[in-house]
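Values in this text are rule-based calculations from the coordinates and carry no lab data. Keep in mind the model is a prediction, meaning the values are calculated, not measured. Every residue, glycine among them, receives a Cβ derived from its backbone with ideal geometry; neighbour counts consider all protein chains shown.
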Amino acid sequence: MIEAYNLSKSFNGQPALKQLNLAVAPGEIYALLGANGAGKTTTIHLFLNFLKPDEGEARIDGQNVAANPQRARAQIAYIPENIQLYPNLSGMENLAYFSALTGKKYERAELEMFLTEAGLEPEAFDKRARYYSKGMRQKTGIAIALAKQAKALLLDEPTSGLDPQASNEFASLLKRLSEYGIATLMATHDLFRAKETATHIGIMRSGELVQSLRPKEIGQAGLEALYLQQMSQP
Amino acid sequence: MIRLIFLNELKGSLRDRRVQLLAGFTLLLLALSAWTGHGAYEHLQAARSKAAEKAEAQWDSLGDYNPHGAAHYGTYAYRPLGLLRMLDAGVQPYTGDVLKVEGHVQNEAMYAEASRSTSLMRLSQFQPALVLQAIVPLLLIFLAFGSIAREREQGVLKMLVLQGASILQLMAGKALAYWSISLGLLLAMVALMALLYGGQVDWATLGVFLLCYALYYLLVALLSVYVSGRAQRSSSALALLLGAWLVWVFIVPKLAAQLGQSLYPLPSRIAFEEQMQEDRQKGLDGHNPSDQRRKALEEQVLKEYGVDSIAQLPINFDGIAMQADEEYGNQVWDKHFGQYFQTIQQQNRVIQWASVLAPFLAVRNLSMALAGTSLYGHLHFQRSVEDYRRHWVKTLNDKHAYGGSQSGDWGWKAEAAFFQSMEDFTYQPPGARWALSNRWPELAVLLAWFLLAIGALASAKRISVLET
């Protein structure tokens, strides 16, 4: 569903991503770990076609995103690190608007179902988004993704700034989405959540995917040790 | 898609406290300008009605009176006050809208302001037009500066694009939303003014007036959203747009007015009057003094009536001589008025060229022209009054000459019914077509800026959704 083939990108001659190859199948959650500047966000932006690759291909549902951006984007939902909604619209209105942009028109009951599915409390549905916490905004973002019925979900530092409870709820939500067959690629610094949530973990350093593994293969302490080991490499 | 974005942006904006505050403040300014204008209007209307009634009563109560004495007594010509005049007073606060009509003299406000034409070209009064032309665009800038840049900073732009909206659609929808807010303010203002001033409305002119403002607001909204899209940060967009607003509203108009005055200076009031006086005394060519003209006229009239002296004439030669002098004075006035008008046109051409740099100037000139309060409008009124004055004076001089008196009989009186039968001055404002015939360059400039804004927007379709 989410595939990269020799994906490379440079900025002003400086390589930001080198020959990345990865594949995320439906129902899988792939966590990209790495320090700042490791190439995680560049990877996400290449899949979103906000950047053009120098080499290689990024594919969503078999579509080369650079060649068929509209088709590819139709299958993608994206939640940025610090998701912002329209502050003067309620969560419900934000969801209705973002859904309508995709050409989908839902009844209120359907929108309520998406918000409930995403874990937003019913009393928050009609509250203006300016009063939402980051966790509530994340949940609305997930509801937007659900309403889009996207096959691929791309997340950039989704748990950054969330308190442990919200972070835990978010991880549970991702697992539920994976059960629907959604392929998820997330860039994160959160080793604990990556271990808890992801079906695959990739460690990136200086634009390279230096290690790819399954969390089942390694414990929490092992992942942290591995990560620190990779980061300390010259 | 654009409709969806437009409705969402409008809803969000109207709920935004900052927007409510800014729009409320602008509305307050508009109401304040309407209210202060209304005070002045009531005062002016009352004073005019009182003066008009008094002048009419005095004229009607002249009784039997000498026609030449009546010509010196004079009457008044009033320019009607209408809705558009109250929306945009233009140069009228400087030129006035009441002229005294009398014999021998063309009373013109232009004389009073002849040496201060720069003042004529600027608006310093707090009036609705100033708020509509300068403050509403400022509101548009505040609404639009963050429209794209802030959403890019917050990452919302990425989500919107991923949901299927293009940058072009987002820009267009947002610009239309801000534009509709400005249109709301414009229509609210016109409705308020109509309530305050009522009266007859020239709907066609009002329609064109509103269209010009609507076009102006649309181009400001489009350009503001474009700048927001191009700027790296919303703060940069705001700084750039505020700078442009300052240049448009203050710097270019001021420089253009000063440039016009220095390139095409108008004579001072004293010099203007002295030149008129000299031409009237010595003749337009300097070789045809008034005493020689009178002598020639006397010979011509004596020959016409086949008599040897003025005393033998069956008519009053004084009336003929006065009319001849009046007509000569008219030629002198036409010459100087023509030169004055030409200089004004040259100065205005400078302003028109300057409007290429600042569409504020274009809409200001169009607004004044359509309201009938531009200098051209004032000159049109003045010309109408002068045409009336000439007819009025000729009627009195003809009565003096052929009404039954003898030459030298300055005590002769015409009957009261004659004075009461003389027509009052009525002024028909020229309307939108005439106003625009002088202002097509400004209209072209406004359209060109609008097309530029559309072109800019079209070129922005590839702007990045990522912060750099």
Treating only the Cβ atoms of Lys and Arg (+1) and Asp and Glu (-1) as charged, compute the dipole magnitude of the stretch B:176-309 about its Cα centre; round to the nearest 20 debye. 940
Shielding score for B:151-157, defined as the mean number of other chain Cβ atoms within 10 Å: 4
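What is the stretch A:105-181 by shape, rounded, prolate or oblate, if you read a ≥ b ≥ c off the alpha carbon gyration tensor as root eigenvalues and call it rounded for a/c under 1.5, prolate for a/b larger than b/c, and oblate otherwise?
Since a/c reaches 1.5 but b/c is at least a/b, the shape of the stretch A:105-181 is classed as oblate.
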Given the convex hull of the Cα atoms of the stretch B:140-268, what is a quarter of its surface area in nm²? 12.0
Roughly how crowded by other chains is peptide B:163-173, in terms of the mean Cβ count from those chains within 10 Å of each of its Cβ atoms? 3
Projecting the Cα atoms of B:Ala271, B:Leu10, B:Ile463 onto the charge dipole of the protein assembly as shown, where Lys and Arg contribute +1 and Asp and Glu -1 at Cβ, the residue farthest towards the positive end is B:Ile463
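With the Cα gyration tensor of chain B giving a ≥ b ≥ c as the square roots of its eigenvalues, does the rule (a/c under 1.5 for rounded; else a/b larger than b/c for prolate; else oblate) give rounded, prolate or oblate? Let's see the in-between values first.
Numbers: a/c = 3.89, a/b = 2.56, b/c = 1.52.
Verdict is prolate for chain B.
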Could you give me the ³J(HN,Hα) list for the stretch A:115-126, computed from phi with Karplus coefficients 6.51, -1.76, 1.60 and θ = phi - 60°, whole Hz, x at Gly and Pro? 5, 5, 4, 7, x, 7, 5, x, 5, 8, 3, 9
When only Cα pairs under 8 Å and 6 or more residues apart are kept, what is the percent relative contact order across the stretch B:322-468? 36
Can you tell me which of A:Ala66, A:Ala109, A:Ala38 moves the most in a GNM of chain A? Springs connect C-alpha atoms under 10 Å apart. A:Ala109
Amide H neighbours of B:Tyr76 at under 5 Å, excluding residues fewer than 5 places away on the same chain, with H built from the backbone geometry, are B:Val101
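What shape does the stretch A:37-103 take by its C-alpha gyration tensor, where a ≥ b ≥ c are the square roots of the eigenvalues and a/c under 1.5 counts as rounded, a/b above b/c as prolate, and the rest as oblate?
Since a/c reaches 1.5 but b/c is at least a/b, the shape of the stretch A:37-103 is classed as oblate.
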Work out from phi, with θ = phi - 60° and the Karplus expression 6.51 cos²θ - 1.76 cosθ + 1.60, the ³J(HN,Hα) of each residue of the stretch B:320-327, listed in order in whole Hz, and give x for Gly and Pro. 5, 5, 5, 5, 4, 5, 4, 5
Of B:85-93, B:267-275, B:161-169, ordering from highest average Cβ density within 10 Å down gives B:85-93, B:161-169, B:267-275
Which residue, chosen from B:Leu302, B:Val363, A:Leu115, occupies the Cα position most advanced towards the positive end of the dipole of the protein assembly as shown, where the dipole is computed from +1 (Lys, Arg) and -1 (Asp, Glu) charges on Cβ about the Cα centre? A:Leu115
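Restricting to lysines 8 or more places apart or on different chains, can you count the pairs in the stretch A:86-149 with Cα atoms under 20 Å from each other?
Here the count comes out as 6.
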How large is ³J(HN,Hα) for each residue in the stretch B:130-142, as worked out from phi by the Karplus curve 6.51 cos²θ - 1.76 cosθ + 1.60 (θ = phi - 60°), to whole Hz, x for Gly and Pro? 5, 5, 5, 8, 10, 7, 4, x, 5, 4, 4, 4, 5
How high is the relative contact order of chain A, in percent, counting Cα pairs under 8 Å that sit 6 or more residues apart? 28
Where a Cα-Cα gap under 23 Å defines reach, which lysines qualify for A:Lys216, not counting those fewer than 8 residues away within the same chain? A:Lys40, A:Lys175, A:Lys195
Any idea what the dipole of the stretch A:86-149 comes to, in debye rounded to 20, about its Cα centre with Lys/Arg Cβ at +1 and Asp/Glu Cβ at -1? 320
For A:Met186, residues with placed amide H under 5 Å, excluding near neighbours: A:Tyr30, A:Ala31, A:Leu32, A:Leu155
Taking a straight Cα-to-Cα line shorter than 17 Å from A:Lys18, and setting aside same-chain aspartates and glutamates fewer than 8 residues away, one finds A:Glu3, A:Asp54, A:Glu55, A:Glu57, A:Glu208
Most positive-pole-ward Cα, B:Leu447, B:Ala149, B:Gln127, against dipole of chain B from beta carbon charges: B:Ala149
Grab the eigenvalues of the alpha-carbon gyration tensor for the stretch A:86-149, scale each by 5, take roots, and send me the semi-axes largest first in whole angstrom. 16, 12, 10
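Explain nothing, just the number: dipole magnitude of the protein assembly as shown about its Cα centre with +1 on each Lys and Arg Cβ and -1 on each Asp and Glu Cβ, in debye rounded to the nearest 20.
2860
Going from the alpha-carbon gyration tensor of the protein assembly as shown, what semi-axes, largest first and in whole Å, does one get by taking the root of 5 times each eigenvalue? Can you show the working numbers first?
Details: eigenvalues 1320, 120, 55 Å².
Taking √(5λ) for each Cα gyration eigenvalue gives 81, 24, 17 Å.
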Taking only Cα atoms of the stretch B:209-285, radius of gyration then Dmax in Å: 22.9, 71
Average partner coverage of A:97-106, which counts Cβ from other chains inside 10 Å: 5
